[in-house]
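Please treat every number below as a calculation from the coordinates, not as lab data. Keep in mind it's a predicted model, so treat the numbers as computed, not measured. Reconstructed Cβ throughout: ideal geometry from the backbone, glycine too, with neighbour counts over all protein chains shown.
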Amino acid sequence: MDNSIEVKSHDTPDEIRTPDKTRVEVVRVGTTTLGRFTFQPGWRWSECVKPVVGTDSCQVHHVGYAVTGSISVRLNSGNQARIRAGDSYGIPSGHDAWVEGEEPFVAIEVQGAQEYAKPR
């Protein structure tokens, strides 16, 4: 059994991805990948990330916690929800999303960061 403590900062991440109006700071702690996602006002997945990944909708399953701001998410099925600061969320693959309002949306993701915004 390993008795060491591993501490990493998202201010000095292992990897950064920066599609248009997007910043994803990826930190790997042991076998877990976490991401701090920042989407600027005007961000929309289908406009900012789709050109990078080349799929019709986001194919990543997300689990996270919204720190600031607000986004709306629409599943391919048509179901839609709004995620606001303070919300924990699970979003299945097959969706579009966009920032609501003039405040950046910042979230910490515990599932989804490994593959998000990476060219396929």
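Worth a mention:
- From the options Ala117, Ala107, Ala113, Ala85, residue that is touching a helix residue (DSSP H, G or I) at 6+ places or on another chain (Cβ under 7 Å) and not β-branched (Val, Ile, Thr): Ala117
- Evaluating Arg82 against the criteria (1) within 14 Å of the chain's Cα centre (by Cα); (2) over 25 Å from Lys8 (Cβ atoms); (3) free of Cβ contacts under 8 Å to residues at least 60 places away in the same chain leaves one unmet condition, (1).
- Residue in the range 78-97 that is buried (at least 19 other Cβ atoms within 10 Å of the Cβ) and of a type in the set (D, E, K, R) present: yes
- Of the candidates Ser57, Ser46, Ser70, the single residue that is closer than 15 Å to Phe105 by Cα, more than 11 Å from the chain's Cα centre (by Cα) and hydroxyl-bearing (Ser, Thr, Tyr) is Ser70.
- Filtered residue count, the range 99-120, keeping only those that are under 19 Å from Ser9 (Cβ atoms) and of a type in the set (A, V, I, L, M, F, W, C): 5
- In the range 6-33, residue farthest from Val63 (Cα to Cα) [restricted to those that are touching an Asp or Glu at 6+ places or on another chain (Cβ under 7 Å) and part of a strand (DSSP E or B)]: Ile16
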